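The values are calculated or read from the model by the stated rules, or taken from the named source; none is laboratory data. As the structure is a computational prediction, the values presented were derived from the model and not from experiment. Here Cβ is always computed from backbone atoms with ideal geometry, including for glycine, and neighbour counts include all displayed protein chains.
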Amino acid sequence: MAVLDKLTSQEAIELENKYGAHNYHPLPVVLSRGEGVYVWDVEGKKYYDFLSAYSAVNQGHCHPKIVDAMTNQAKTLSLTSRAFYNDMLGRYEKFATEYFGFDKLLPMNTGAEAVETALKIARKWAYEVKGIDENKAQIIVCENNFHGRTTTIISFSNDPIARKNFGPYTKGFLKIEYDNLQELQETLESSNNIAAFLVEPIQGEAGVFVPSEGYLAAAKKMCEDHNVLFIADEVQTGIARTGRLLATCGNCSCPEKNCSGTPEVKPDVLILGKALSGGAYPVSAVLANDSVMNVIRPGNHGSTFGGNPIAAAVAMAALEVVADEKLAINADKLGKIFRAELTEFCKTTDLVSFVRGSGLLNAILINDTEDSSTAWDICIKLRDNGLLAKPTHGNIIRFAPPLVMTEEQLMDCISIIKKTISEF
């Protein structure tokens with residue numbers, strides 16, 4: 001078989017099964033093209049993408065502005081490493097720090113890398129600024145978190161599939177219940193060695209759990225009172241997904257771009273990835289003010305590809321698209337329609353318990369046990385009907401289409417979802 005010979009779906013699946021590590025369980029569909037909210041399989045069937053590569057493709061598949069930025073830069077200079085300066089990184093750092101309202105940006109490639117970077121920054125800050133004894137720093141995390149799958153991160157995960165047989169685990173983490181302010185307060189008071197609180201503004205992988213109103217603001221205030229860094233992991237929730245530029249913005253009055261006004265919560269450390277590149281290229285970043293970021297000095301941290309010229313060009317284009325096309329406003333508007341329609345639909349079926357979410361990050365709970373195949377089987381039927389989604393935690397289906405979706409397209413998708421579940 002020649003490398004570029006056309007494959008059938010079955011042939012492509014068999015190749016992955018034979019030659020690839022089995023670290024994923026994909027829905028059986030083989031995609032070969034994407035544009036906007038649509039993807040096509042190798043046989044030419046068209047689908048609505050309702051996962052957006054786990055919210056990496058907020059700006060839609062193959063957005064021309066982002067693709068042009070990537071290809072133009074690739075023709076000029078792709079990589080220098082950080083051994084030398086390049087003429088794109090500084091522009092990107094200035095653009096992004098002004099866009100999000102921070103002093104400094106540390107560029108990385110993947111979400112998990114960015115989380116690891118934030119943890120290192122928090123620990124170094126704890127020793128050099130807060131005055132915690134070396135190797136004593138503790139970081140508070142939440143149960144059912146998902147911050148990646150590196151060795152350190154799975155050390156504070158409670159997902160047995162991610163953890164089992166990957167020990168020994170990294171110490172230094174205190175786990176509390178998500179959306180529990182009393183437990184956070186008690187934990188902050190229990191030790192003088194706490195460096196940071198790492199939290200997802202919405203727990204996406206856990207099933208799109210949205211915290212109680214005011215939780216994030218209250219948690220940030222508690223952290224301030226105890227001189228503890230508030231680290232927001234917005235790899236999945238950031239870049240307009242939840243109807244604001246950042247989920248931590250809460251009810252900020254400027255959803256179309258950034259929080260130059262008064263956001264509900266201003267993290268001490270902000271972690272971004274996924275849609276920072278519009279899904280075109282691996283780009284992630286950690287942002288903080290000088291009082292935190294200045295603990296990082298030459299040799300403390302790095303990445304050969306982090307801050308490369310292509311990533312810088314792509315990220316600036318991706319953020320410009322979010323602002324120019326008012327994607328946060330669109331996500332807010334369409335998300336309210338989606339939840340209203342599905343909430344009414346839930347009253348007509350025993351199969352779906354409820355819908356929850358924010359903006360265009362939503363999920364439905366299937367009325368079955370986590371170990372059942374019902375949610376998976378529904379996603380297979382959705383695929384057959386032209387819509388791609390994926391279960392999480394067994395009986396939850398996450399719905400997260402590209403933010404460039406129109407209301408007409410959304411209503412078509414809602415019809416597909418209702419039809420599929422009604423006929424299931």
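Of all residues in segment 354-370, those satisfying the criterion of being under 28 Å from residue 235 (Cβ atoms) and exposed (fewer than 15 other Cβ atoms within 10 Å of the Cβ) are 354, 370. Remark: residue 106 matches the filter, which requires a residue to be outside any helix (DSSP H, G or I), touching a strand residue (DSSP E or B) at 6+ places or on another chain (Cβ under 6 Å), in contact (Cβ under 8 Å) with a residue 60 or more places away in the chain and in the same structural domain as residue 214 (by TED's automatic domain parsing).
Among all residues of segment 314-335, there is at least one that is over 18 Å from residue 402 (Cβ atoms) and either outside any loop (DSSP other than H, G, I, E, B) or at pLDDT 95 or above (or both). If you go through segment 384-402 and pick out every residue that is outside any loop (DSSP other than H, G, I, E, B) and either in contact (Cβ under 8 Å) with a residue 60 or more places away in the chain or surrounded by fewer than 16 Cβ atoms within 10 Å (Cβ to Cβ) (or both), you end up with 8. Being assigned by TED's automatic domain parsing to the domain that holds residue 249, buried (at least 18 other Cβ atoms within 10 Å of the Cβ), in a loop (DSSP other than H, G, I, E, B) and among the acidic types (Asp, Glu), is that true of even one residue in segment 171-178? So far as segment 171-178 goes, no, none of its residues is assigned by TED's automatic domain parsing to the domain that holds residue 249, buried (at least 18 other Cβ atoms within 10 Å of the Cβ), in a loop (DSSP other than H, G, I, E, B) and among the acidic types (Asp, Glu).
Can you find even one residue in segment 56-78 that is of a type in the set (S, T, N, Q), in a loop (DSSP other than H, G, I, E, B), in contact with a Lys or Arg (Cβ under 7 Å, 6 or more places away or on another chain) and touching a residue at least 24 places away in the same chain (Cβ under 8 Å)? Scanning segment 56-78 turns up at least one residue that is of a type in the set (S, T, N, Q), in a loop (DSSP other than H, G, I, E, B), in contact with a Lys or Arg (Cβ under 7 Å, 6 or more places away or on another chain) and touching a residue at least 24 places away in the same chain (Cβ under 8 Å).
Scanning segment 90-103 for residues that are among the aliphatic types (A, V, I, L, M) and not in a helix (DSSP H, G or I) yields a total of 0.
On the given criteria, is residue 184 in a helix (DSSP H, G or I), touching a Gly at 6+ places or on another chain (Cβ under 8 Å) and either at pLDDT 95 or above or under 24 Å from residue 296 (Cβ atoms) (or both)? Taking the combined requirement at face value, the residue does not satisfy it.
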